[in-house]
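Bear in mind these aren't lab numbers, they're just calculated from the coordinates by the rules spelled out. Everything numeric here is computed off the predicted structure, so don't read it as measured data. Cβ atoms come from the backbone with ideal geometry, glycine included; neighbour counts cover every protein chain shown.
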Ligand SMILES: [Zn+2]
Ligand SMILES: [Zn+2]
């Protein structure tokens, strides 16, 4: 092999490496990666130190077309997050919270403000769920009473039918809000109807209770292991700006969580995680060889239940 053919061979290997299926999610320049930007709060000042006068929800605008609602621990200690995304044709609400709250009113006011700002009078609302646990669906009944609103029943058959997922759980599908495509990825394991949602506009991956800074309860170990691998595969080569789950139970102190039932968490971990946490979770599960056991990592704990 002469020098020229050697150089060609090296280039071919380099080219093959660049297109192999283990490419890292990356951007050529640190310029925001071409995704729509937004801001997350430095802290969520909900739930304390006392409950008097605290609203049931804090509403945070990530940007003008994406809102995060955080339920107060004074309403329910689970303090779940709810997500509201606007496309040109539809809005999507992901989860309806825990406990009895005025969630339908809060969502309604947020939608009304969006409509006024955009010079519109209505937009259909679709209500989906990260999964069917009670702390994610408690506002469903109130939202069903809203006009122009479709609430997807929180069970696998209804989720599959609505999103037209033919091969559950192996087939991700696309759902269009109008100039805003979402990928819906089935991830049973924490709960049978669990889904993840990837918003291509902001490059945010919503992971429900499957990955968040807290106790990751594993109900169906084989399904959970496969679902986490599916998320790793789905995000392979894709930009992931944030991984947003639906609770915070960790403190900022590594390996430390707030006990179940804690209302006020003055030193809680940020909500947002990254794809590295997903890889860390996957690696830890792989290392358990099918026998999922309790394991505390820096920012979350794997917790068979
Ligand atoms: Zn759950
Ligand atoms: Zn939950």
| Packing-based ranking, highest mean first, of 145-158, 180-193, 285-298 given that Cβ atoms within 10 Å are counted | 180-193, 145-158, 285-298
| message | How many angstrom lie between the Cα centre of segment 134-148 and the Cα centre of segment 236-271? | response | 25
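By the gyration tensor of its Cα atoms, with a ≥ b ≥ c the square roots of the eigenvalues, what is the shape of segment 158-213: rounded for a/c under 1.5, prolate for a/b over b/c, or oblate? Write down the numbers at each step before the final one.
On the way: a/c = 2.37, a/b = 1.11, b/c = 2.13.
It is oblate, given that a/c is not under 1.5 and a/b is not larger than b/c.
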| message | Under the rule a/c < 1.5 gives rounded, and otherwise a/b versus b/c splits prolate from oblate, where does segment 51-304 land using the Cα gyration tensor? | response | oblate
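Pull out the extension gain between residue 26 and residue 102, defined as 0.36 nm times the separation in residues minus the alpha carbon to alpha carbon distance; nm, one decimal. Each step should come with its number before you reach the end.
Details: separation 76, 0.36 × 76 = 27.36 nm, distance 4.08 nm.
Extending this stretch completely gives an extra 23.3 nm.
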| query | If you take every DSSP beta bridge whose two residues both sit in the chain, what share of them, in percent to the nearest 5, is antiparallel? | reply | 70
| note | Taking a crude spin-label model, label points 7 Å out from Cα along the C-beta direction, the residue 297 to residue 145 distance in nm is 4.2
| field | Full-extension gain in nm, residue 283 to residue 200, via 0.36 nm per residue minus C-alpha separation | value | 27.3 nm
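For residue 272 and residue 109, what does the FRET efficiency come to when R0 = 35 Å and r is the distance between their Cβ atoms, rounded to the nearest 0.05? Don't skip to the end; give the middle numbers.
Working: r = 25 Å, r/R0 = 0.71.
The computed FRET efficiency comes out at 0.90.
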| said: Along the Cα→Cβ direction, 7 angstrom out, place labels at residue 167 and residue 152. What is the inter-label distance in nm? | reply: 1.9
| field | Residues 171, 250 arranged by fewest to most Cβ contacts within 10 Å | value | 171, 250
| request: Can you grab the distance from the C-alpha centre of segment 275-305 to the C-alpha centre of segment 68-113, Å, no decimals? | output: 29
| Computed [θ] at 222 nm, helices only, for the chain once each DSSP H run of length n ≥ 4 contributes -39500 (n - 2.57) | -7500 deg cm²/dmol
| Between residue 59 and residue 253, what is the FRET efficiency for a Förster distance of 30 Å, r being their Cβ-Cβ separation, to the nearest 0.05? | 0.60
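Given R₀ = 45 Å, what would the calculated FRET efficiency be for residue 229 paired with residue 116, taking r from the Cβ atoms and rounding to 0.05? Mind dumping the intermediate values first?
Details: r = 44 Å, r/R0 = 0.98.
Taking R0 as 45 Å, the efficiency between residue 229 and residue 116 is 0.55.
If I take every Cα pair under 8 Å that is 6 or more residues apart in the chain, average their sequence separation and divide by the length, what percent do I get for the relative contact order?
On the way: 605 pairs, mean separation 47.6, N = 305.
It rounds to 16 percent for the chain.
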